[in-house]
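Novice: I have a structure here, written as structure tokens, and I will follow up with some questions on it.
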């Protein structure tokens, strides 16, 4: 009888362990499923490459003196985005430039560094005034070569970036490039920088707008 009792006890313990392991596996699987689902909901996709930073101009809002003028663009996935939403709560560094402009090309590396180092407080947006059917290709080649990791708006088949420059003349004439406009967190114009400049100068200007 003692032998039978011992056998029954061992079997019971074995079944209990298997059931516990099975339960743990189910719970772990469920937890992993929840974590995966949560991650997919809250974690934005990392930029796939330079093309994600080159976006098509769609529209510009009615000009308002002294205030950030809303710009609408379409990103690489086809999603329509407004500057006011994209830059909400941050200082805006709006740079008008072109690939054919030597001073523009010289200051881009400094702007790239600023955009990375001050990303928590500043949104950098470039507006390319390149034109022609190959304007987007030129900008894409340039940002790829220079490692640019901030949004650059290019003309589309339906809207020219020159219209954006014209709208912003109510704040500062865009007669020469590069021209950079800086706005505080509330969209108020704080400074216009005409001509190429250095990272230290840009950083000081941005800090004044904070």
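What follows is calculated from the coordinates using simple rules that are stated; it is not laboratory data. Predicted model only: the values in this text are computed from it and were never measured. Glycine gets a Cβ as well: all are built from the backbone with ideal geometry, and neighbour counts include every protein chain shown.
Novice: Within the range 133-165, whose backbone N sits under 13 Å from a point 7 Å along Cα→Cβ of residue 51?
Specialist: Once the point is set 7 Å along Cα→Cβ of residue 51, 137, 140-141 turn out to lie under 13 Å by backbone N, inside the range 133-165.
Novice: Separate question: Roughly speaking, what is the stretch gain from residue 156 to residue 85, that is 0.36 nm per residue apart minus the C-alpha to C-alpha distance, in nm to one decimal?
Specialist: 23.5 nm
Novice: As an exercise, use a Förster radius of 35 Å and the Cβ-Cβ distance of residue 192 and residue 77 to find the FRET efficiency, rounded to the nearest 0.05.
Specialist: The computed FRET efficiency comes out at 0.60.
Novice: Put a dot 7 Å past each Cα toward the Cβ at residue 199 and residue 61; how far apart are the dots in nm?
Specialist: Placing both labels 7 Å along Cα→Cβ, they lie 3.3 nm apart.
Novice: If the chain between residue 131 and residue 163 were fully stretched, how many nm would it gain, using 0.36 nm times the residue separation less the Cα-Cα distance?
Specialist: Result: 10.3 nm gained on full extension.
Novice: With each pseudo-label sitting 7 Å past Cα toward Cβ, what's the residue 117-residue 172 distance in nm, one decimal?
Specialist: Using points 7 Å along Cα→Cβ, the separation is 2.1 nm.
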